[in-house]
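Okay, so here's the structure we're looking at.
The values are calculated or read from the model by the stated rules, or taken from the named source; none is laboratory data. Computed from a prediction, not measured in an experiment: that's the story for all the values here. With ideal geometry, Cβ positions are generated from the backbone for all residues, glycine too; neighbour counts draw on all protein chains shown.
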Amino acid sequence: MLLGGWALAAAAPAQHPDTRAELKLQGAHYTVHCHFTDRAVAAEALEAAEAAWTAAATLIDLPDEPLETGQPIHLYRTPDAYRTAEAKLTQGRFARNLAFAHWATRTAHVAVQPKRDDAGLARLGIGNLTRRLIAHEATHLARFHRYPNFSQHPGWLTDGLAAWSAAAALRALDRVAAPGADPNYATHMTMAQSMLAEQRLPTAADLLADQLPDLGFYARYGLRWLWFDFLATRHREPLRALFADLRGFARTNPRRVTAALRRRLGGDAFAALDDDFRAYIEALRPRWEQRTRTLETVGAQWVQSAFVKRPAQAWRRDPTEAPPTRALVGSVELLGAGRAAARVLLGAEYGPPIALAFERGDGLRVRLVDPALPAPRLLAEPSAAQGERNHRIAFTLKRHGTDARDLRLSVADQPAVPVRLARSWDGTWGLATDPGCVTIWHDLEAR
């Protein structure tokens, strides 16, 4: 049958590690092998992959017409299923990544992450992290298709193009409003600006030579994305010409690619890359710093999903010229069943954050968790009619009076209660969700 122009077929899983059924969805340039029978998820994965092809095609010469055989992308329901497949191909080299593109078989493999139960997956889909990884690996497959010498390309180009295309794909799908407003991309920007301020930002020569020994796993990917976005934004035509040059190289290496870029840019522009890149980094306007993943901030429903072993946490970064936040208004929904908690974090600038904790256990309750107090303080216990049925709680938290330690909290339709903090609230705030939990922050507004 056809689904939105894509061919859909059920396939036997004999050659794959998942023992349950596999769903195969074919598009113009990719075929998604979903190793669990979820048509909606397979369609979301294919949509992300095809959007990455479209984005990459603006820089590299990719054919518009459909491929006779779609490039395979395998999607796994759990990290364990992914690792079983990865071990057979690369013996654990990409076990940590939970996503990779395999040179020899020209296939991509991605795990759905963070983990969501069936109800959460049905309601929210696969989330931006999984979409981004699918788009990233799909871009690698597009490069494999177009360049016989793909295995010799330098890391800044391979990871940079893939990360850049993934970001463009998410914007095209309205999953990201702008990179600076998205916690994932904004965190990369914040990291780079810190490196610039501390005079640790790598030089253009180091980036082009893939000499980044002091950068960790995520920092390396983030900086390569920014470096590539800088080139694609400020030197787009020379970058396009470089990709055209690559097709003519029988063999290549980072030094040869750098020489080709220098020719395309011209001597003066190439010599100015360091200054231009620093100016590009300085001009970025990140609005978030995500300490642990993941938070999605598109539209009126912000979805925060935590991995099983650690909480998700993100801090808002307002422009220095903006007045401090005096009130937070919205509602919080705790998805799933069992115990769960989400927190509004306050005042991390001057010590450990204070938390307004929304907790689900035997019932619903709201507590103040202040490190300076001997024990958490119970503030409210919304009744079933006020939120327990769908685990959604409306709240308003605002400064009260002239003392920055004094707040007022309104929960659902209960009377407002005074909240006295041990120290002043400076206006900084963040959001957190407990390990293994999923939270939706509805219509959250800072005033």
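P148 passes every criterion in (1) assigned to a helix (DSSP H, G or I); (2) surrounded by fewer than 24 Cβ atoms within 10 Å (Cβ to Cβ) apart from (1). Sub-8 Å Cβ pairs linking a first residue in segment 372-391 that is part of a loop (DSSP other than H, G, I, E, B) to a second residue that is among the small types (G, A, S) and modelled with pLDDT of 90 or more, at least 6 apart or interchain, are P376/A357; G387/A394; H391/A340, ordered by first then second residue. Against the definition (aliphatic (A, V, I, L, M) and assigned to a helix (DSSP H, G or I)), how does L223 come out, yes or no? For L223, the condition - aliphatic (A, V, I, L, M) and assigned to a helix (DSSP H, G or I) - is met.
Put simply, of A432, A337 the only residue that is closer than 26 Å to T294 by Cβ, in a strand (DSSP E or B) and of a type outside the set (S, T, N, Q) is A432. If you go through segment 59-77 and keep only what is closer than 17 Å to D245 by Cβ and surrounded by 13 or more Cβ atoms within 10 Å (Cβ to Cβ), you end up with L59, I60, L62.
Yes/no matrix, rows are residues, columns are (1) in contact with a helix residue (DSSP H, G or I) (Cβ under 8 Å, 6 or more places away or on another chain); (2) surrounded by fewer than 16 Cβ atoms within 10 Å (Cβ to Cβ); (3) under 18 Å from H442 (Cα atoms):
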position: A259; (1), (2), (3): no, yes, no
position: D268; (1), (2), (3): no, yes, no
position: D275; (1), (2), (3): no, yes, no
position: Y280; (1), (2), (3): yes, no, no
position: A283; (1), (2), (3): no, yes, no
position: R287; (1), (2), (3): yes, no, no
position: F307; (1), (2), (3): no, no, no
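Of P213, P238, P202, P179, all but one fail to be under 30 Å from R291 (Cβ atoms) and modelled with pLDDT of 95 or more; the exception is P202.
Report yes if some residue within segment 260-276 is closer than 30 Å to A342 by Cβ, aliphatic (A, V, I, L, M) and touching a residue at least 60 places away in the same chain (Cβ under 8 Å); otherwise report no. Among the residues of segment 260-276, not one is closer than 30 Å to A342 by Cβ, aliphatic (A, V, I, L, M) and touching a residue at least 60 places away in the same chain (Cβ under 8 Å), which makes the answer no. Only one entry of H136, H102 meets the criterion of being under 14 Å from the mean Cα position of the chain (by Cα), at pLDDT 95 or above and buried (at least 17 other Cβ atoms within 10 Å of the Cβ), and that entry is H136. When L246 is tested against (1) in contact (Cβ under 8 Å) with a residue 24 or more places away in the chain; (2) under 28 Å from the mean Cα position of the chain (by Cα), exactly one condition is not met: (2). In the set (1) of a type in the set (A, V, I, L, M); (2) assigned to a helix (DSSP H, G or I); (3) in contact (Cβ under 8 Å) with a residue 12 or more places away in the chain, A279 fails one condition alone, (3).
Would you mind finding the one in L335, L407 that is in contact with a helix residue (DSSP H, G or I) (Cβ under 6 Å, 6 or more places away or on another chain) and either within 23 Å of D443 (Cβ to Cβ) or surrounded by 19 or more Cβ atoms within 10 Å (Cβ to Cβ) (or both)?
Working: L407 fails: in contact with a helix residue (DSSP H, G or I) (Cβ under 6 Å, 6 or more places away or on another chain).
Selected residue: L335, the only one of L335, L407 that is in contact with a helix residue (DSSP H, G or I) (Cβ under 6 Å, 6 or more places away or on another chain) and either within 23 Å of D443 (Cβ to Cβ) or surrounded by 19 or more Cβ atoms within 10 Å (Cβ to Cβ) (or both).
Considering (1) touching a helix residue (DSSP H, G or I) at 6+ places or on another chain (Cβ under 8 Å); (2) farther than 23 Å from R317 by Cα; (3) among the charged types (D, E, K, R), the lone condition that D229 does not fulfil carries the number (2). Checking the structure you have, find out if any residue of segment 32-41 is closer than 30 Å to A241 by Cα and either within 24 Å of the chain's Cα centre (by Cα) or not hydrophobic (A, V, I, L, M, F, W, C) (or both). There is no residue in segment 32-41 that is closer than 30 Å to A241 by Cα and either within 24 Å of the chain's Cα centre (by Cα) or not hydrophobic (A, V, I, L, M, F, W, C) (or both).
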